[in-house]
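**Student:** Structure provided below as structure tokens; questions to follow.
Bear in mind these aren't lab numbers, they're just calculated from the coordinates by the rules spelled out. Source: prediction; values computed, not measured. All Cβ positions, glycine included, derive from the backbone under ideal geometry; neighbour counts span all protein chains shown.
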Amino acid sequence: MARDGDTQQPTREFPEYPTSESLHDRADAPPGSGPGARPPVGGPARGLLWVLGAAALAVVVLLGVQATGLLPEFRNPFAKEQTDRSQPPLLKSIRDLSRYVAAEGNFQVVVDVQKDRRNVPDFLLNERTLFVGAGRVEAYVDFSKIADGAVVASDDGKSVEIKLPAPQLGETDLDMDKSYVFAEERGLINRLNDLVAGDPNRQQQVYKLAEDRITAAARDSGLAARAQENTRKMLEGLLRSLGYQKVTVTYTAP
């Protein structure tokens, strides 16, 4: 039989009966804070998911705002920049043209130029350039040089005679987009001279040789004769449409 002093002590067979104070304390305590309670599972992982979700939401919002144009575009602070300080074009002159371009020839020439010295090895002093030049030459008739009385029509209006100046060849137009240096050999002294005092117009002589050879080739190509024939056909078609049945075109001596 239990003693009187032990009547209020709980035993293993009869645990302590909860009172109103203990129930109130248990209700106020957070879950898992009691003795022997396990810590909440997934706390760090859940926090990481919240951080990733917030970052993804911020990126989506930022991209959406940038797409609407409300924010300026992001630029690379180390991006390449190009500054154009060129001066505006200056009009030098204007002239009226009365040319009828009746034919055009496109030419290509290979220029092989070498400069060296006698009794000096090429590896010391030598300059050889292999240049491929492409250019065009126009053949035209200058209508502004038609003299008075050069056009004679018959009284019945059925025939007409026209006397034109002979066709001329225009200046050779070297196309630098299609021209290029195929090979170049320079001696040691030439290279050292380029480092000390380079000549930016060094290739001008090669360009001039290419233009001269294209001009000579145009003279021998029959381009002027083609221009005569094309001009005659053009005038015959034009004047016959005006009612002339016979059209005679002649050219003066160049």
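**Student:** Kindly state, to the nearest 0.05, the FRET efficiency for residue 81 paired with residue 226, given R0 = 45 Å and r defined as their beta-carbon distance.
**Tutor:** Efficiency for this residue pair is about 0.30.
**Student:** Using a Cα-Cα cut-off of under 28 Å, which lysines could be cross-linked to residue 145, ignoring same-chain neighbours fewer than 8 residues away?
**Tutor:** Leaving aside lysines fewer than 8 places away in the same chain, those within reach of residue 145 are 92, 158, 163, 233, 246.
**Student:** What is the set of long-range amide H partners of residue 164 at a cut-off below 5 Å, with H atoms built 1.01 Å from backbone N?
**Tutor:** Here the answer is 250, 251, 252, since their amide H atoms fall under 5 Å of that of residue 164.
**Student:** Here's something else I'd like to know. At a Förster distance of 25 Å, what's the computed FRET efficiency of residue 253 paired with residue 161, Cβ-Cβ distance as r, to 0.05?
**Tutor:** 0.90
**Student:** How much length, in nm to one decimal, is gained on full extension between residue 245 and residue 147, taken as 0.36 nm per residue of separation minus their Cα-Cα distance?
**Tutor:** Gain on extension, residue 245 to residue 147, equals 32.9 nm.
**Student:** Right, next: Mind putting a number on the dipole of segment 139-184 about its Cα centre? Charges go on the C-beta only, +1 for Lys and Arg and -1 for Asp and Glu, and I need it in Debye to the nearest 20.
**Tutor:** The dipole of segment 139-184 has a size of about 180 debye.
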